[in-house]
Amino acid sequence: MKVAVFSSKSYDQEFLSKSNESHRHEFTFLETRLNRQTVPLAQGHKAVCCFVNDELNAEVLQKLSDYGCEMIALRCAGFNNLDLVRLKELGLTAARVPAYSPYSVAEHALGLILTLNRCIHRAYNRVRELNFSLVGLTGFDLQGATVGVVGTGKIGQVMVRNLSGLGCHVLAYDPHPSPNCQATYVELPELLAKSRVVSLHCPLTPQTHHLINDQALRRMRPDALLINTSRGGLVDTVAVVEALKQERLGGLAIDVYEEEEELFFEDQSGHVLQDDVFARLLTFPNVLVTGHQAFLTQEALSNIADITMENLTAFERGEPSGREL
Ligand code: NAD
């Protein structure tokens, strides 16, 4: 089957090509994101393969349908970028990769906590300038600290296990608590008020948009660290900037940002940054940003490629994969 693979970087191409050896789809690899300008590139393909920041809104879906493109294979778990209502109306099929390595994301979140808490990002830069001063680098022991995990699905539960292994007291909030989760479930306001670290692991939906807003930030401890490896839209970034300026928040580490579509996954080093909120974030010593790389492990890329291939092949054969949306 002919597949236009949008937002495909060298690492995607490597793992998808390897997995395709046993499927034999015909790929057109495109580095560009899918959006209303780039959608004509899908012409002549029966399927498109997309990632987190590809725009699958009503207009793009209509164009895909007009071009005879019938299948959307998402190389990710989240599908907040896809207009599900329009998808069904147009009779298109979309399938995702619901799980590929919850460890990849949970371990990155843990790395962000350790780095932000112990100021390793600052120490790295200081030492390279032969500045061995320790002033301003004081952290706290995670052993015995209360850590709040918001969302205890696949990733959240690995996070709870990892944090428990460090001796943290783990609180959790999830509207659908899991009986297997070793955390103490509380309501969100209590979690926010008690936690020294708050880590977000719930999906972005209309209900969770700006879950961490000014009101939520004011419930949090002024020394709390906020960690977001889930989706940028969970956090009201303008409210976070205010909280950081007023020293009502101890620190922020994010792998995702609500306006990341225009920034992430590309080398922007030669461009003038136009996003003033993001620019302000980068000026805080207690802010750490990675560019949506929490998933980026060999195991995750390999699993993403294999499951995406299975989804495409199942569609081609007219069989359900069980991972359709
Ligand atoms: P999952 O579906 O297994 O779990 C999500 C959990 O969130 C569920 O238990 C659900 O009940 C809970 N939830 C729903 N609404 C909630 C709310 N209002 N408050 C608290 N919890 C709520 O998903 P997962 O595989 O654990 O992934 C979680 C999220 O991580 C994904 O939605 C995705 O956005 C993000 N993610 C990020 C990366 C990355 O590279 N940064 C990679 C993969 C996934």
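The values are calculated or read from the model by the stated rules, or taken from the named source; none is laboratory data. Quick caveat, the model's predicted, so the values are computed rather than measured. Here Cβ is always computed from backbone atoms with ideal geometry, including for glycine, and neighbour counts include all displayed protein chains.
Which of the following residues is under 27 Å from Leu191 (Cβ atoms), surrounded by fewer than 17 Cβ atoms within 10 Å (Cβ to Cβ), of a type outside the set (Phe, Trp, Tyr) and modelled with pLDDT of 95 or more: Gln274, Gln246?
Working: Gln274 fails: under 27 Å from Leu191 (Cβ atoms).
Residue meeting the stated conditions: Gln246.
Out of everything in region 155-205 that is β-branched (Val, Ile, Thr) and not in a helix (DSSP H, G or I), what residue ends up being nearest to Val52 (Cα to Cα)?
Taking the candidates together, the pick is Thr205.
Examine region 112-119 for a residue that is in contact (Cβ under 8 Å) with a residue 24 or more places away in the chain, under 30 Å from His209 (Cβ atoms), more than 16 Å from the ligand (Cβ to nearest atom) and not assigned by TED's automatic domain parsing to the domain that holds Pro175, and state whether such a residue exists.
Checking region 112-119: not a single residue is in contact (Cβ under 8 Å) with a residue 24 or more places away in the chain, under 30 Å from His209 (Cβ atoms), more than 16 Å from the ligand (Cβ to nearest atom) and not assigned by TED's automatic domain parsing to the domain that holds Pro175.
Which residue pairs have Cβ atoms under 8 Å apart, sit 6 or more places apart or on different chains, and have a first residue in region 167-186 that is more than 12 Å from Val149 (Cα to Cα) and a second that is away from the ligand (no atom under 11 Å from the Cβ)?
Gly167/Leu142; Gly167/Gln143; Gly167/Gly144
Applying the selection to region 239-269, what residues are touching a strand residue (DSSP E or B) at 6+ places or on another chain (Cβ under 9 Å), free of Cβ contacts under 8 Å to residues at least 60 places away in the same chain and in a loop (DSSP other than H, G, I, E, B)?
If the condition is that a residue be touching a strand residue (DSSP E or B) at 6+ places or on another chain (Cβ under 9 Å), free of Cβ contacts under 8 Å to residues at least 60 places away in the same chain and in a loop (DSSP other than H, G, I, E, B), then Leu249, Gly250, Val256, Tyr257, Glu258 are the ones that fit.
Mind checking which residues of region 42-72 are closer than 29 Å to Ala294 by Cα and more than 16 Å from the ligand (Cβ to nearest atom)?
Ala42, Ala47, Val48, Cys49, Glu55, Asn57, Ala58, Val60, Leu61, Met71, Ile72
Are there any pairs, at least 6 apart or on different chains, whose C-beta atoms fall under 7 Å, with the first in region 223-236 and at negative phi and modelled with pLDDT of 95 or more and the second away from the ligand (no atom under 15 Å from the Cβ) and of a type in the set (Gly, Ala, Ser), and if so, which?
Asp223/Gly250; Ala224/Gly250; Leu225/Gly250; Leu225/Gly251
Among the residues of region 270-305, what is the count of those that are part of a helix (DSSP H, G or I), over 20 Å from Val158 (Cβ atoms) and within 16 Å of the ligand (Cβ to nearest atom)?
So the answer is 1.
Determine which member of the set Thr229, Thr237, Thr208 is among the β-branched types (Val, Ile, Thr) and either more than 14 Å from the ligand (Cβ to nearest atom) or more than 30 Å from Cys50 (Cβ to Cβ) (or both). First the steps, then the outcome.
Values: Thr229 fails: either more than 14 Å from the ligand (Cβ to nearest atom) or more than 30 Å from Cys50 (Cβ to Cβ) (or both); Thr208 fails: either more than 14 Å from the ligand (Cβ to nearest atom) or more than 30 Å from Cys50 (Cβ to Cβ) (or both).
Exactly one of Thr229, Thr237, Thr208 is among the β-branched types (Val, Ile, Thr) and either more than 14 Å from the ligand (Cβ to nearest atom) or more than 30 Å from Cys50 (Cβ to Cβ) (or both), namely Thr237.
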